[in-house]
Amino acid sequence: MANDEPVVRNESQRDATADVNEPDQASVKLADEASETIDETPDINRGLLSTEDFASKALQLFPKLDINGDGSLDQEELIDAKSDRQYEGMDRQAIAALYGNKELLANQSNDQYGTETGISKEDLNAFYDNKMGMISADKNLDGLKFSDIAGKDGYISAGDIKSLLNGNSLSFSQREGLQYLLDHINELEENHDDEPGDENGGITLADYQAALSEALQDGALVESSLIQMLLLQNQRKKESMGLSEYRNGIDDFPE
Ligand SMILES: [Ca+2]
Ligand SMILES: [Ca+2]
Ligand SMILES: [Ca+2]
Ligand SMILES: [Ca+2]
């Protein structure tokens, strides 16, 4: 299913929203090739807030959105922000994504007693670390091939990474990327079930690609929220106005 070309939809296709539920398929390759793929993700091409920028934008808006100052964005605060016309452009996109993914985001960090009812700054930071770590690690590893790291056995073990880190041939960012793999090796090797019994031999290429693919799909978080909200809004508009007015109003959102 990998597709080498970035998915580009024009505005009329967007209006049709026929493919709302179809996740963007980004090709998944390792290291140097993969970094090109990431730069071409449709989010960035279309001027939409990327998932990466979403976290920092949301953190920046946080104090304003947390109206009661309890350190958590609850449902009511997000509903208010969503309909508040002072928020435009990127701010509005970030709010749409917060609202559209509030349960997912609230559960990123287990920092509330009982049910996670609101989104905290810790949740946003954890979201960033969880979802973007692999993408930035992959960018950082640019110039290294999988086989350079794994060696002949095809498994990246902690030992493989440590011996590379002990050498002098790596750039600073390659070291950062390898450190990420080392810190997350136990989770990463679980990404693809390709070992008999426990996954404990190290990270295989399939593990790596599965982890990167998952991270890239989550990059659609902002866009999917916007589309969901557009549909919701248009549903309401449809109910309250004639069809031609409704068609004219479609371009109002997202800005
Ligand atoms: Ca609050
Ligand atoms: Ca939480
Ligand atoms: Ca190895
Ligand atoms: Ca595995």
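Just so it is clear, none of the values below were taken in a lab; they were calculated from the coordinates. Since this is a predicted model, take the numbers as computed values, not measurements. As a convention, Cβ positions derive from the backbone with ideal geometry for all residues, glycine included, and neighbour counts pool all protein chains shown.
To the nearest 0.05, what FRET efficiency results for ASN107 and ASP80 with a Förster distance of 30 Å applied to their C-beta separation?
0.85
Among the listed pairs LYS121/LYS162; LYS57/LYS145; LYS57/LYS82; LYS57/LYS102, which have their C-alpha atoms separated by more than 24 angstrom in this model?
Those over the limit are LYS121/LYS162; LYS57/LYS145.
Measuring from label point to label point, each 7 Å out along Cα→Cβ, what is the LEU231 to ALA206 span in nm?
Distance between label points: 3.3 nm.
Report the far tail of the P(r) of segment 47-252, meaning the percent of Cα-Cα pairs longer than 25 Å.
Counting pairs separated by more than 25 Å, the tail of P(r) holds 51 percent.
Sort PHE127, PHE54 so the one with the fewest other Cβ atoms within 10 Å of its own Cβ comes first.
Taking fewest neighbouring Cβ atoms as first place, the list is PHE127, PHE54.
Each residue of segment 150-158 in order: what ³J(HN,Hα) in whole Hz does its phi give by Karplus 6.51 cos²θ - 1.76 cosθ + 1.60, θ = phi - 60°, with x for Gly and Pro?
Per-residue couplings from phi come out as 6, x, 5, 6, x, 10, 7, 9, 4 Hz.
What ranking, highest mean first, results for peptides 184-195, 67-78, 159-170 when packing means the other Cβ atoms within 10 Å averaged over each residue?
Taking the mean over residues of other Cβ atoms within 10 Å, the ranking is 184-195, 67-78, 159-170.
Calculate the FRET efficiency for ILE67 and LYS145 from the Cβ-Cβ distance with a Förster distance of 51 Å, rounded to the nearest 0.05.
With a Förster radius of 51 Å, E is 0.50.
Could you calculate the contour length gain from THR117 to ALA158, that is, 0.36 nm times the residue separation minus the distance between their Cα atoms, to one decimal place in nm?
Using 0.36 nm per residue and subtracting the Cα-Cα distance, I get 11.0 nm.
Only loop residues by DSSP count here, and only those with at most 10 other Cβ atoms within 10 Å; note down the chymotrypsin sites (Phe, Trp or Tyr not before Pro) in segment 78-114 that meet that.
In loop regions of segment 78-114 (DSSP not H, G, I, E or B), the sparsely surrounded chymotrypsin sites (Phe, Trp or Tyr not before Pro) are TYR113.
Would you grab the residues whose amide H sits under 5 Å from the one on LEU73? Only those 5+ places off in sequence or on another chain, please, with H modelled 1.01 Å from N.
For LEU73, the qualifying residues are ILE119, SER120.
When the chain is fully extended, how far beyond the present Cα-Cα distance does ASP183 get from SER169, taking 0.36 nm per residue of separation?
Net length gain for the segment: 3.0 nm.
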